[in-house]
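Working notes for the structure below.
The values are calculated or read from the model by the stated rules, or taken from the named source; none is laboratory data. Computed from a prediction, not measured in an experiment: that's the story for all the values here. Here the Cβ is made from the backbone with ideal geometry for all residues, glycine too, and neighbour counts use every protein chain on show. These accessible areas exclude ligands, DNA and RNA; they are computed on the full protein's heavy atoms, side chains included. Shrake-Rupley method; radii C 1.70, N 1.55, O 1.52, S 1.80 Å.
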Amino acid sequence: MKRFLALSTLGLLALPFAARSQTMELSRRRPVGEVAPPNEPRGGVQFKHLHVKVAVEDQVSTTEVDQTFHNPNDWIAEGTYLFPLPEGTSISNFTMFMGGQQVKGEVLDSDKARAIYQAIVRQRQDPGLLEFVGHRLIRASVFPIPARGDVRITLKFTRVLAADAGWFDYEYPLSSAGARIGEVGFDLSLKSQTPIKVVTSPSHAIAVDRKSDREVHVRYEKKGLDAERSFNLSYSTSEKDLGLHVLAHRKTGDDGTFMLAIAPKLEVRPEEIQPRHIAFVVDTSGSMSGPKMEQAKAAITYCVSRLTERDRFSVIRFSTEVEPLDPKGLIAADAAGKKRALDFIAGFEAAGGTNIDESLAAALEQLKRADGLVEVVFMTDGKPTIGERDANRILANVAKLNSAKARIFCLGVGSDLNTHLLDGISDAHRGQRAYVADDESIEVKVSRFYDKIASPVLTDLALDFGGLETKSLFPHQLPDLFRGGQLLVFGRYKGEGGARAITLTGKLDGKEQKFVFETTFPAEETRHHDLPRLWAQRKVGHLLDQIRLHGESDELKTEVIALASKHGIVTPYTSALVLEDDAQQHAQIRDRLAAGEGAGAGGAFGGRRLREVPPSGDPGVEAPRQDQAAGKSDGDGKRPSDAPAPPASGVAPAPKPGDLREASGDKAVETSNELKKMKELESLEEATRRKDGGEQQAIKQVGDRAFYLDVDGCWIESSLKGADAQEKVKAATVVKTFSDEYFALLEKEPELGRYLKLGKKLVVEIKGTVYRFDE
């Protein structure tokens with residue numbers, strides 16, 4: 001009697017407990033003559049740890065996989081280890097070790113692998129492996145797996161990354177339809193004779209360390225990872241001082257989605273960095289007392305020490321009153337000027353209230369005659385308590401006084417903040433913002449943030465797409481480009497694209513510069529299926545910002561609901577769509593809960609608690625990420641408790657009722673029906689949780705489609721949930737899960753594999769035909 005357990009996959013990441021990618025066929029090794037007792041209890045192998053180390057040098061990648069499996073049973077086990085290879089992998093070298101001993105593993109072609117995958121799916125009645133049908137496979141015997149013990153397996157193989165219009169992609173098929181990894185980490189080093197420009201992951205939040213223009217180190221670490229999608233890393237190379245590359249996704253007949261990435265070279269001569277006129281404005285109110293004040297002083301000391309002799313600057317402290325370093329204005333950032341500033345900073349003491357309006361007015365007064373690149377770094381830990389306290393009037397005052405068109409960078413410290421005010425200031429004045437949580441180091445966070453904005457190389461950017469019809473570009477207003485950073489622009493394009501000459505203009509040291517890049521927008525491209533959702537996240541974020549800053553309107557709300565529902569983005573307006581929307585369905589849920597259902601498979605939520613969270617695997621890009629460049633949270637740490645936190649993907653803060661009232665000034669905005677519905681569902685969720693205790697995400701993103709889990713445990717494609725799609729769903733072709741017809745359809749439409757992995761019950765549309773898969 002054998003048991004199959006899906007584990008992880010190939011690539012840069014992996015899974016742990018009951019993952020569905022790599023697979024272990026597990027059975028008990030018994031002495032001769034021993035008979036297995038009936039209904040012998042057994043547990044599946046657990047995936048405790050996975051670490052992947054990848055070295056890419058001039059397109060050749062060497063991957064080393066180190067993983068540990070745990071046998072929770074009281075008996076020695078043996079098994080067959082299966083490892084799906086990434087699609088398109090051509091192995092040039094392969095070695096495998098178990099417990100320190102080299103073992104022989106065989107590499108099966110896709111046809112032999114397909115039979116194995118389908119056999120496991122039929123026997124386990126679990127479609128988790130179907131997305132790998134058609135992939136090649138590594139297979140090896142594993143013995144012994146000690147009782148209550150571990151077995152360690154290591155793999156090493158080499159493959160060549162294909163080049164595509166200057167881009168190189170590394171993929172690790174990690175998706176597991178609900179697996180959770182105990183501990184996962186990877187290190188990836190990139191080396192290239194051609195300078196490396198853009199480094200980004202559309203799937204996961206990576207940390208990028210640029211060693212030089214030709215060497216980059218990427219890291220990802222997480223405990224308890226919910227693995228929902230493959231890990232993807234893309235990078236580009238170019239000999240130009242400024243690199244520009246395009247990734248696109250377009251299905252025939254639809255508008256296309258693109259991500260345009262711009263990155264300057266890392267090694268910039270001092271004279272290529274623009275001189276700045278900058279004012280540091282520091283909150284020294286009473287709430288900054290103790291260690292907080294000392295850390296703030298150290299952080300501003302660090303910023304001043306990084307100034308160059310070409311810069312001019314000021315330091316302004318504020319509490320109840322405002323005190324500048326020099327009432328006459330800016331001073332030179334030479335040795336004498338820096339010493340004067342550091343002595344001034346050393347004398348800061350925390351006392352008094354928070355006079356935000358007057359402090360910003362003082363800074364802008366000192367900068368009003370400055371030209372070139374003008375900046376304000378504003379640090380506060382509180383809301384305005386002295387002078388003007390109305391956020392909207394403060395915003396208006398700053399706009400009126402900023403004649404020098406200064407970029408204003410806001411640093412919020414702690415949880416007692418008016419994030420509406422700080423976000424509004426930075427967004428309106430081409431700055432960025434960062435928030436330092438109570439348990440974070442101000443000195444470390446601020447110094448890292450300042451390093452990102454310390455070396456501007458191109459400002460006042462503008463793009464021309466060479467006649468291509470584009471729309472909904474985000475960010476709307478392009479931020480400045482800094483040394484070692486990168487700019488990501490997401491948008492939509494109409495027509496069949498084609499070859500285009502993209503022109504980027506900007507200012508370098510006050511002089512206009514022009515850069516022309518030849519690129520292609522494809523007529524059809526479906527590989528980069530994460531792009532539509534990444535674009536949608538940014539658009540939804542922009543719309544929610546507009547609601548938060550200017551108040552709710554029917555037009556904005558309708559657009560948020562339509563876009564977020566299609567792409568599976570959770571907002572206060574779409575949380576209720578996790579379940580069916582009609583009152584009758586809600587009544588049915590209540591009836592089931594009242595009857596005590598919900599603990600088993602037939603319960604209101606299939607025996608599982610629904611958790612209103614965005615689909616996992618949010619994208620990560622090199623710091624500063626584009627969501628930062630567009631004015632979103634810094635992303636290194638936590639937002640204040642009253643600030644709605646955007647995920648790494650760049651989704652803007654979801655407005656809470658309090659945020660909506662604050663955004664509208666004195667006129668309170670009443671809580672919408674959608675928000676009331678969300679609260680109702682939260683109560684239902686809590687009742688379900690008390691009756692059960694399990695968890696299950698109610699929305700999953702697969703490729704460029706979102707799926708919602710209904711109360712019957714069926715995953716429904718978002719485009720088929722609305723009332724206008726009911727006739728199509730009623731006319732759906734019904735297929736019995738795991739039947740011969742089921743597998744025959746999979747052979748005919750291999751794309752189905754990625755969707756079928758969601759579960760045994762599914763409604764999805766493929767090439768104009770709606771299919772309903774049911775048990």
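Structure summary
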{"read-out": "Strands (runs of 3 or more DSSP E) (entirely within the stretch 707-775) containing at least 1 residues that are farther than 22 Å from I120 by Cβ and open to solvent by 70 Å² or more (accessible area, probe 1.4 Å)", "value": "733-736, 769-774"}
{"read-out": "Strands (runs of 3 or more DSSP E) within the stretch 210-259 that include 1 or more residues charged (D, E, K, R) and touching a Ser or Thr at 6+ places or on another chain (Cβ under 7 Å)", "value": "215-227"}
{"read-out": "Condition met for A562 (of a type in the set (G, A, S), open to solvent by 10 Å² or more (accessible area, probe 1.4 Å) and more than 30 Å from I425 (Cα to Cα))", "value": "no"}
{"read-out": "Single residue of L508, L534, L504 found to be of a type outside the set (V, I, T), open to solvent by 30 Å² or more (accessible area, probe 1.4 Å) and within 23 Å of L481 (Cβ to Cβ)", "value": "L508"}
{"read-out": "Conditions (1) in a helix (DSSP H, G or I); (2) at pLDDT 85 or above; (3) over 19 Å from L260 (Cβ atoms); (4) open to solvent by 40 Å² or more (accessible area, probe 1.4 Å): number failed by Q584", "value": "(2)"}
{"read-out": "Single match in L401, L395, L367 (criterion: out of contact with any Phe, Trp or Tyr (no Cβ under 7 Å at 6 or more places or on another chain), over 20 Å from A296 (Cα atoms), buried (at least 24 other Cβ atoms within 10 Å of the Cβ) and not basic (K, R))", "value": "L367"}
{"read-out": "Yes/no for R317 being surrounded by fewer than 22 Cβ atoms within 10 Å (Cβ to Cβ), closer than 21 Å to A406 by Cα and either of a type in the set (D, E) or in contact with a helix residue (DSSP H, G or I) (Cβ under 9 Å, 6 or more places away or on another chain) (or both)", "value": "no"}
{"read-out": "Test result for D591, modelled with pLDDT under 80, surrounded by fewer than 22 Cβ atoms within 10 Å (Cβ to Cβ), at negative phi and in a loop (DSSP other than H, G, I, E, B)", "value": "no"}
{"read-out": "Selection within the stretch 371-391 - open to solvent by 10 Å² or more (accessible area, probe 1.4 Å) and out of contact with any Asp or Glu (no Cβ under 9 Å at 6 or more places or on another chain)", "value": "D371, T385"}
{"read-out": "Filter result for the condition that a residue is surrounded by fewer than 14 Cβ atoms within 10 Å (Cβ to Cβ) and either of a type outside the set (S, T, N, Q) or under 30 Å from T520 (Cα atoms) (or both), over R148, R114", "value": "R148"}
{"read-out": "Selected residue (only one of A261, A279 is under 25 Å from the mean Cα position of the chain (by Cα) and modelled with pLDDT of 85 or more)", "value": "A261"}
{"read-out": "Members of the stretch 510-547 found to be of a type in the set (K, R) and within 20 Å of L473 (Cα to Cα), listed by number", "value": "R533, R538, K539"}
{"read-out": "Count of the stretch 43-77 residues which are open to solvent by 50 Å² or more (accessible area, probe 1.4 Å), closer than 30 Å to R148 by Cβ and either modelled with pLDDT under 85 or out of contact with any Ser or Thr (no Cβ under 8 Å at 6 or more places or on another chain) (or both)", "value": "6"}
{"read-out": "Selection count where residues are without any contact (Cβ under 8 Å) to a residue 60 or more places away in the chain and not in a helix (DSSP H, G or I), scope the stretch 419-437", "value": "2"}
{"read-out": "Enumeration of residues in the stretch 537-557 that are open to solvent by 40 Å² or more (accessible area, probe 1.4 Å), modelled with pLDDT under 90 and in a helix (DSSP H, G or I)", "value": "H542, Q546, H550"}
{"read-out": "Scope the stretch 356-368; condition touching a residue at least 40 places away in the same chain (Cβ under 8 Å) and assigned to a loop (DSSP other than H, G, I, E, B); matching residues", "value": "none"}
{"read-out": "Any pair with Cβ under 8 angstrom, 6 or more apart, that starts in the stretch 545-567 at a residue that is under 16 Å from D724 (Cβ atoms) and ends at one that is open to solvent by 50 Å² or more (accessible area, probe 1.4 Å)", "value": "K566/S719"}
